[in-house]
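Take a look at the structure below.
The values are calculated or read from the model by the stated rules, or taken from the named source; none is laboratory data. This one's a predicted model, so the numbers in the text were calculated from it and none came from an experiment. Ideal geometry is used to build each Cβ from the backbone, glycine not excepted, and the neighbour counts take in all protein chains shown.
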Amino acid sequence: MPPCPARTRILLALAAALSLAACSEAPEPTAQTEAATQTPPQSAAPVDEPSRTESDAAASAALALLTDEYFQAYLKANPIAATSLGDDRYNDRLVNYLDPANRAERLAEEQAFLDRALEIDRADLTPSEQITYDVFVYGRREKIEGFAYPEHLLPLSQFFSLPSFMAQLGSGQSLHPFVTTKDYRDWLSRLEDYLEIQSQMITNMREGMKQGIVQPRVIMEKALPQLDALAVGNVDDSLFFNPVRNFPDTVPVEDRAALEADYRAMIGERLLPAYRQLHDFVANEYLPATRDTVAWTALPGGVAWYEYFVREQTTTDLSAAEIHELGKSEVGRILDEMRAVRDRVEFDGDLAAFFEFMSTDPRFQFESEDAALQAYEDVRSKVTAALPTVFEIFPGATYEIRPVEAFRAASSSGASYQSASPDGSRPGVFYLNTYDLSRIPVYITESLSLHEAEPGHHFQGTLQQEMNDLPDFRRFGDYYVSYGEGWALYAEYLGPEMGLLTDPYQYYGKLAEEQLRALRLVVDTGLHTKGWTREEAIAYMQDNSSMSDAEIVAEVERYIAIPGQALGYKIGQLKILELRARSESVLGEGFDIKRFHTAILDGGAVPMGVLSDKIDAWIASEQARLADDA
């Protein structure tokens, strides 16, 4: 299956990439951001803590002030992230995150926040505050290290495209609101900022050409048609004109003529010509300068750069070589399980033939969109009934199952999840891409639901948002792939314990999804550290999965475009499984799966090292509790 990144997570990741210069003076929170903190607390009851000294109280106050100032500065510096949380203070702006001067200012601000954190004595904090401290310091150090690498010289690929993202925002069916006249004016202001950023994009790519820091040709060949599709010939054919075609009743009739005139002028006279300029630059100047190699390590300084990506995305100290071998071991283990399923269903043929059967037999394809949606609703009912068998805390917000909107279905992944609003007014959305039903075969219904909805992304992400005793930067800030995606993959592992995946074909679907994540460990590191060609990577995935050729090509080119990102999924799952095995071994019959899951989920996303320390402390507290009960 293709990657299933949750839509909101992608937007927040983009907002992080647009991590614009943080300001030392934090703005006051608005009603929107205050409302976001009014949901009932969902985290586990705090452990009894000893009486606090005056020094302890001062350290706690300093940490609370620091993290609050950082988050408010983060929102101001990341206008799209603020919009995604319902904070409309910055809906009229973007900031030129590609400007070298802006990068220098951002680096200085990150360093200033880190320096302030290091002035706080960690020993004076409560155990829960120490976790906040560790997460904050880890995040600042990670960001600071990233500035050593010239990512701003590679601002465009087929997978990461601000031009495409802006079209999605401007379509009227995404994060930016188009409800009031002010909303429409705010978007025009945002487009002014975007035009500046796009100009900087071309400037930076030219600088990258001079330094030999350019994208692989295969990547830009895929990006070019995306740009061409956006550089339409007239305003009426542009996605950016959708909001004008569909004025809501909340926009006064007397304002509409002026808005339409201004939108036609902006789109027709400035925006579409700018898109055409970018397209022509890529086609005529940049593409001829791209490289034949695909490894990130082929770039100047690329070896250290890729090692940084590995650490950043896995939040571990595992080397690329260790991950490569770990991946091969996991691929082999899962192949053995797939053979067991083949034997269980009495399929007559080798594993390659079984892969072909699973990919092509009509029984594994939904006949209609309605049939697919109903199947997922049926699974939802089973999961809801089973959750209390392995969990003791539950999110307050619910979720809906919807098909992906037609305007974006052709280029979207097979499934995704969009978070519920922080104030609970909007449910989460589990999107199914029914544009091509072959991308969501019947046999992945249960595993995909477990991953994207409950107890996967919706369950974990909503719990995190609803833990209003956490600092906002932990509820809504840094996202750790190894934790978030690792948990979602672990959620699939829980299927049999919840009474699901009993059908052998559904269990095969779980294996197929897990195999993709294992293959990523081998292929990503193979491409970037082992000298693998694109074709060798494709062949490896063909030999070890039932994925279609089109899906495999898209996956391999994703790893070429965004190195390291795909490593976090399996590494995170394996770490959670390791922590579970450690807990079961130490606690024996006293191990309680519900309490373990609370310990993992309480506090939200954290780096793997912090999670490991947290579970070690939990194990010790459980030993003490069990001893007291004995």
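Among the numbered criteria (1) in a helix (DSSP H, G or I); (2) buried (at least 16 other Cβ atoms within 10 Å of the Cβ); (3) modelled with pLDDT of 95 or more, which one does residue 115 miss?
Checking residue 115 against (1) in a helix (DSSP H, G or I); (2) buried (at least 16 other Cβ atoms within 10 Å of the Cβ); (3) modelled with pLDDT of 95 or more, the one that fails is (2).
Hey, any hits in segment 564-583 for a residue that's of a type in the set (D, E, K, R) and buried (at least 20 other Cβ atoms within 10 Å of the Cβ)?
Checking segment 564-583: at least one residue is of a type in the set (D, E, K, R) and buried (at least 20 other Cβ atoms within 10 Å of the Cβ).
Given the criteria among the hydrophobic types (A, V, I, L, M, F, W, C), in contact with a Gly (Cβ under 9 Å, 6 or more places away or on another chain) and part of a loop (DSSP other than H, G, I, E, B), does residue 450 qualify?
When the stated conditions are applied, residue 450 does not pass them.
Residues that are closer than 30 Å to residue 437 by Cβ: which helices (runs of 4 or more DSSP H) entirely in segment 530-617 hold 2 or more of them?
534-543, 549-561, 568-587
For segment 453-478, how many residues meet the condition of being under 15 Å from the mean Cα position of the chain (by Cα) and either part of a loop (DSSP other than H, G, I, E, B) or not assigned by TED's automatic domain parsing to the domain that holds residue 511 (or both)?
Total meeting the criteria: 4.
Within segment 83-120, how many residues turn out to be in contact with a Lys or Arg (Cβ under 8 Å, 6 or more places away or on another chain) and without any contact (Cβ under 8 Å) to a residue 24 or more places away in the chain?
1
Report yes if residue 453 is free of Cβ contacts under 8 Å to residues at least 60 places away in the same chain and either in contact with a helix residue (DSSP H, G or I) (Cβ under 7 Å, 6 or more places away or on another chain) or among the aliphatic types (A, V, I, L, M) (or both), otherwise no.
No.
Would you mind stating whether residue 545 is within 24 Å of residue 337 (Cβ to Cβ) and either of a type in the set (Phe, Trp, Tyr) or buried (at least 23 other Cβ atoms within 10 Å of the Cβ) (or both)?
yes
Would you check which residues across segment 295-323 are in contact with an Asp or Glu (Cβ under 9 Å, 6 or more places away or on another chain) and over 19 Å from residue 146 (Cα atoms) and list them?
323
Suppose we filter segment 298-326 for residues that are polar (S, T, N, Q) and either not in a helix (DSSP H, G or I) or not assigned by TED's automatic domain parsing to the domain that holds residue 559 (or both); how many remain?
3
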